1. Please list the non-local residues whose amide H lies under 5 Å from the amide H of W433, H modeled 1.01 Å from N, same-chain partners needing a gap of 5 or more.
2. By count of other Cβ within 10 Å, fewest leading, how are M71, M481, M524 ordered?
3. Taking amide H positions as placed in the peptide plane 1.01 Å from N, state which residues far from S3 in sequence (5 or more) or on other chains have amide H under 5 Å from it.
4. If I take the Cα coordinates of segment 478-561 and project them onto the principal axes, what are the three extents in Å, biggest first?
5. In what sequence, highest mean first, do 22-31, 635-644 appear when ranked by Cβ atoms within 10 angstrom?
6. Provide the gained length on full extension for the span W302 to Y404, in nm with one decimal, where the gain is 0.36 nm per separating residue minus the Cα-Cα distance.
7. Counting other beta carbons within 10 Å of each Cβ, put H431, H93 in order, fewest first.
8. Which entries of K527/K595; K536/K595; K185/K686; K515/K536 have Cα-Cα distances beyond 30 Å here?
Amino acid sequence: MLSYTVPGAPWIYPPLAGVVFRLLFHLGGYVAISWFCVFALLATLSVVAWRSRPTVLLLLLVAVPALAGQMIPRSGLFTVVIAAIYTRVLLSHFSGKSSRRLWLLPPLMIFWVNLHTGFIAGLGLMAGYIAAEAVDSVRASERQQALDRLKVAAPWLIAGMACTLLNPWGFHIYRAIAAQEHPSKLQSTVIVELNPLYREFSWSRPHLLAPLNAVWWLLALSILAIASLIRWRRIGLALFLALSVCICLLSARTQGVYIPIACLIAGDALSDEAQTLRLSAFAWWPAIRKAGVLAVVVFVVWRCIDVVTDRTAIREGQITLFGAGASWWLPQAAAAFVEQNHLPTELFSTFNLSSYLAWRLGPHYRNFADGRYLPFGDRIISEQLRLTALPLDSIAWRQAADTYHIRTIVFPLSRFYGIESIPLRDDCESHDWVPVYLDPTAIVFVRRDVLSQSGHLMPRVDCQHQQLIRDIDRNASPHRMFRMRQYQMLANAAVIYFVLGRHEDATRTLEEAWKISRDDDSLMVLKGQVQASQGKFDAAEHSFLCALRMHASDAAWYQLGLLYANHRRYAQAIDAFRHALDARPDFEIELSLAKAEVLNGEQNAALQTLGRAVSAITDYGSDGASQRAVVYDLRAVAYSQLSNWPSAVAAEEAAVRETPSATGRWNLLASLYAAAGQQKQALQAKQRAEALALHHP
């Protein structure tokens, strides 16, 4: 119903969460949804904190930022809340504290299975509980108690499992689970949370006290707790906690389920360990108690100040601000423009933005593909990603527009998850498409032939002269959120101006943004890019180094490396690129490093770097073939500099196989054949290049 590319495609997903959010939206808009997320977080915290020991509360205090990061307005929020209740009920029964709440398991599962596919975590929690009891029953001293607990819990566990069938699709709901639990390589690159959590950790940037990395503290403390539990032969709980740690590390989206488990089990285990070491006696000394309370208050205040003032949001590149309401990232004005001007209904947008447009404009405006990956599959999603990166006048775009009848395009222009994926400058100069709306968050295009046929009198936006921020009223509302929204619009506008080559406008807008906040190292990097584009080497180097002093990001190191490489300071470029790779492994950085190593005469190091670059390519389509071909080109150059002609020829042959219609590569292969003494092959390659040049001049 929401898409024109896969009409009628089967898609199984629990519907109740969507109903809840839609009702909240009608009741109070985005503010109501924001407060609902707040109350969901408070409910989860209350479930874990209720009658818990001080060590559990301390772990929960550490975990609050990580748990809050899971409370975003989507159906997975319900899994976090219900999983916390399940964990509390099962662990209370396992420890012998209370069995009175086991009856909650079946009714909660009825809601869970109709709210989110994460109900499978509930089955996992019940299976983990059974495994823990089974392990404990091996020991003769624990056997009878474990069997008695299992006997009491069994009816409720069986009922809970049976309740998973009480959904609109019955047993077929498991088809959705099976599909989403085996993501493709493309799906894993598009949806980051499907990747293992351990890949997100970097020793060069631990920042374990930062809100987004609080989960690493819990993982470290969980490992200590597992060792303690094993030492005291509480194998069942150790197994339960170890399984949750492993699942969390293997799947980033399970953090919300893992956190309550870690707080409850690890908190109790560490508390028991402290009592064994007689540390708890010291904790009750008046001076230590006062110092502990003061330390907790200072810790909370210290952590909250930057969050409440939005310094954390700016430093970490978040797309939300502290407070209720819609994110500044959402192009609400662009969506309203599409609706008010009755633009053609076949919309195309990026993977990230399409979900919002489906919510805001659907079902009247249908989309190409959105965040519901499963009904579209790799073919449609890869096509969406490919088209997004191509200029609108490309042959691929003309074919797609004719095939799918695409008539309206909305591209996000935010500097996060937006402008970096589209060739904005080329798109603005398109012959086939007319830009009809432009602001700091989005640009809207309509196909030219549609405008002429429909008689729409809509002026074309001039990207080179359109002022994105017309007037800045410094006497406007002093409210923090208003100022921060203004800052984000200025920062977005500065990036857009730079991409369009409007360097003076970019510099002026940067200065206005800095009058509001100087906490954003990405804008200092942008300043350096503007200066580098203007040929101001020393100023650009100074800006990049200032950005690195603020935060040693991969972007700052990478841009500094490019600056050095462009000025033939290859040794410094190599050092900068290696620092960038330490912060974030990436194909483009690996490729730039290899080029600098080749130019610096470090051929063997370049060959090793190119080996890593090939393994970093995740695209198996035409874009991936082009990337591999570039790697093989560089390998051929490196081998030729070493006078290893057979290897150079083999590398370039591989490049030609990846892109058989690339004329330049056939010419290079002909040169390598000649250098290797293979004159017949050189002549054939030269003839192939000439033939291709006739068809693709």
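1. Placed amide hydrogens put R448 under 5 Å from W433.
2. Ordered from fewest to most neighbouring Cβ atoms within 10 Å, M71, M481, M524 come out as M481, M71, M524.
3. N367
4. 39, 27, 17
5. 635-644, 22-31
6. Computed gain between W302 and Y404 is 31.4 nm.
7. H431, H93
8. K185/K686
Readers should treat all values here as calculations from the given coordinates under stated rules, not as data from a laboratory. Every value quoted in this text rests on a predicted model; they were computed, and no experiment measured them. Here Cβ is always computed from backbone atoms with ideal geometry, including for glycine, and neighbour counts include all displayed protein chains.
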